[in-house]
Amino acid sequence: MTGIDDLRTDAAASRPLGALYAGNARSVMLRGWQATRSTNWLVVVSGFFEPIFYLLSMGLGLGALVGTITTESGQEVPYAAFIAPALLAVAAMNGAIYDSTWNVFFKMQFAKLYEGMLSTSLGPLDVALGEISLALLRGALYATGFMVVMQVLGLNLSWWALLALPAVLLIAFGFASVGMAVTSFMKTFQQMDWINFLLLPMFLFSATFYPLSVYPQPIQYVIQVLPLWHGIELVRGLTTGQVDVGMLWHVLYYLVMILLGLVFTTRRLRALFLD
Amino acid sequence: MPEPVIVAQNLVKKYKDFAAVDGISFEVAPGESFGLLGPNGAGKSTTMRMVGAVSTRTGGDLRILGMDPDRYGPEIRSRLGVVPQTDNLDTELRVRENLLVYGRYFGLPRAQVARRADELLAFAQLEDKAKARVDALSGGMKRRLTIARALINEPSILLLDEPTTGLDPQARHILWDRLFRLKEQGTTLLLTTHYMDEAEQLCDRLVVVDKGVIMAEGAPAQLIRTYSSREVLEVRFGSDLNADVAAQLAGMGDRLEVLPDRILIYSENGESELVRIIDAGLKPITSLVRRSSLEDVFLRLTGRTLIE
């Protein structure tokens with residue numbers, strides 16, 4: 001048994017992230033897929049229809065009254081084509097948030113799932129990446145379905161709309177990453193309710209159903225700090241074909257969210273389960 | 001003696017100012033079955049978590065399979081099997097899926113895990129439950145599944161934290177039988193327990209732990225020989241009288257322990273002590289002569305009973 005430390009030194013040195021990452025996030029995703037297939041596929045399916053109901057009721061119903069609406073860049077678009085990209089971004093957000101908050105909270109506090117995972121050779125970053133990727137996949141699934149509905153209803157006004165799909169993935173990744181980080185600090189159901197309390201106004205007021213210019217200037221600033229507005233503007237620009245370089249700021253916003261979320265989640269999981 | 005698989009020297013774990021583990025040293029040889037016996041809060045689970053490389057030590061030295069868990073956590077964990085105190089089975093997966101998915105966490109190939117899962121279902125006597133939901137299993141079955149899961153990576157050491165706590169007597173015996181088989185196959189076992197009968201059945205050697213420190217170390221029989229007499233006479237005089245009577249019993253046996261509900265008289269011959277008590281004109285409500293157990297060792301060392 002002597003000298004085993006020397007033999008193993010290579011193994012530890014070849015892991016740039018040390019004990020945090022075993023390069024096996026795949027197995028965590030596999031577990032999620034298996035669990036979905038085994039028990040809760042119905043929940044997943046129901047999440048798909050929610051934004052489509054919104055689109056049909058508000059876009060087509062309310063849209064008949066509103067007619068067209070002028071976007072930030074001065075273009076006139078049908079009301080349904082105005083809110084559809086916003087609902088697409090919201091769908092991505094909701095899919096990602098559901099998986100990364102309530103699901104994660106349950107697994108952490110009650111099912112002790114992560115405790116079990118981290119007593120294997122998995123590291124906290126494997127768990128974080130696996131869970132977030134799963135949330136991302138779900139967001140992508142919802143988004144693709146929604147895009148098809150948009151196409152059928154003629155709400156994609158440009159070929160740029162194809163890029164809305166990766167954009168939606170970016171949004172889902174951002175929310176999943178931050179969602180899991182925030183959840184890892186939560187201890188009670190009451191605290192979890194705060195997340196919903198914050199999400200609902202963000203959904204309603206982030207220039208989802210009308211242009212930002214409706215608000216007085218100070219409120220516009222507040223909205224522009226929130227993540228959903230960046231997501232909606234990004235997707236809306238793409239599906240309506242009004243693309244400009246400034247949209248890269250929205251992309252950057254999400255990249256920062258992803259990075260911060262991953263760092264905090266990994267550190268927190270490490271503190272919780274590998275102290 | 002072969003190189004030990006676990007070496008703990010002066011192991012310390014502090015949470016702020018509180019030392020949950022306060023300088024514990026022990027060694028476990030390959031194939032040995034080693035126990036940590038002590039009441040709740042003695043520091044057993046904290047020690048287990050450090051050995052399991054999921055908790056970093058505050059002080060002292062620790063080597064698992066020759067490696068330092070601070071540096072080789074993933075390597076060590078890949079060669080351990082862990083049975084935690086409360087079951088953390090994946091309730092969103094079926095019984096067999098639990099084994100398959102867990103095996104994949106170790107990065108093992110699918111085919112190998114599938115073959116191993118079937119062997120382990122047979123070992124855990126759960127073959128006909130392969131497709132059942134975890135929630136539908138009894139407590140004993142869940143524990144067996146947890147043990148099967150811990151064996152999926154063919155671990156060098158199996159860590160068992162309170163393996164039979166909360167199980168009914170029949171389920172405990174089935175579990176002990178399974179663990180005994182593992183022991184016969186040469187698996188190294190490290191287990192914590194606050195049941196002395198469990199420690200006596202399963203442990204080759206054990207340490208008695210209280211308040212984060214080791215009180216005694218040895219084989220169960222040896223500990224009993226060292227710290228207790230061969231037999232114990234238990235007499236009851238009724239809750240109110242026990243203390244008064246104890247004064248009159250002074251000098252009987254090797255040693256007396258007065259508990260709230262009974263008096264223990266340690267002696268090489270319990271029957272003759274009982275005769276002396278009755279000759280002295282005292283009338284116990286009940287009396288019982290039994291062999292000394294680890295419970296008595298613990299009482300002797302700490303002045304307290306194991307299960308309070």
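The numbers here are math on the coordinates, done by the rules we state, and not lab data. These numbers were taken from a predicted model, which means no experiment stands behind them. Cβ: placed from backbone, ideal geometry, glycine included. Neighbour counts: every protein chain shown.
What to note about this one:
- The helix-based estimate of mean residue ellipticity at 222 nm for chain A, built from -39,500 (n - 2.57) per DSSP H run of four or more residues and divided by its residue count, is -22500 deg cm²/dmol to the nearest 500.
- Remark: spin-label model distance B:THR58-A:THR70 equals 6.8 nm, labels positioned 7 Å along the Cα→Cβ axis.
- Contour excess over end-to-end distance, with Cα ends at B:GLN112 and B:ALA280 and 0.36 nm allotted per residue: 53.4 nm
- ³J(HN,Hα), Karplus 6.51/-1.76/1.60, whole Hz, each residue of segment A:202-219, x for Gly, Pro: 5, 4, 6, 10, 7, 6, 6, 10, 7, x, 4, 5, 4, 7, x, 3, x, 5
- Derived value for chain B: Kirkwood hydrodynamic radius 21.2 Å. Basis is the mean of 1/r over every pair of different alpha-carbon atoms.
- In degrees, nearest ten, helix B:95-105 long axis to first principal axis of chain B (Cα): 70
- Counting only alpha carbon atoms, the long axis of helix B:110-123 and the longest principal axis of chain B meet at about 30°.
- About the centre of its Cα atoms, the protein assembly as shown shows a dipole size close to 980 debye [charges on the beta carbon of Lys, Arg (+1) and Asp, Glu (-1) only; nearest 20 debye].
- Taking B:GLU295, B:GLU271, B:GLU200 as the candidate residues, the one with maximal mean-square fluctuation in a Gaussian network model of chain B, Cα springs under 10 Å, is B:GLU271.
- Between segment A:171-217 and segment A:138-153, the Cα center-to-center distance that results, in Å: 22
- Stokes-Einstein, applied to the Kirkwood radius of the protein assembly as shown over Cα pairs at a viscosity of 1.567 mPa s and 4 °C, places its translational diffusion at 47 µm² s⁻¹.
- Top positive-direction residue, dipole computed over segment B:210-308 with Cβ charges, set B:ASN242, B:THR226, B:SER267: B:THR226
- Helical contribution to [θ] at 222 nm, DSSP H n ≥ 4, -39,500 (n - 2.57), averaged over chain B, rounded to 500: -10500 deg cm²/dmol
- Per-residue Cβ neighbour rank within 10 angstrom, fewest leading, A:SER213, B:SER272: A:SER213, B:SER272
- For B:LYS211 and A:LYS187, a Förster radius of 25 Å and the Cβ-Cβ distance give a FRET efficiency of 0.30, rounded to the nearest 0.05.
- Isotropically averaged projected area of segment B:1-145, using the convex hull of Cα atoms (one quarter of hull area), nm²: 10.4
- Extending 7 Å from the Cα toward the beta-carbon at both A:LEU272 and B:THR305 defines two label points whose distance is 3.9 nm.
- Placing R0 at 45 angstrom, the Cβ-Cβ distance between A:ARG26 and A:VAL256 gives a FRET efficiency of 0.95 after rounding to 0.05.
- Shielding by partners, peptide B:78-89 (average Cβ within 10 angstrom, other chains): 3
- Building the convex hull from the alpha-carbon atoms of segment A:225-275 and averaging its projection over directions returns 4.2 nm².
- Averaging the Cα positions of each part gives two centres, and for segment B:79-124 and segment B:232-308 these lie 48 Å apart.
- Cα→Cβ-extended label distance, 7 Å offset, between B:GLN185 and B:HIS173, nm: 2.3
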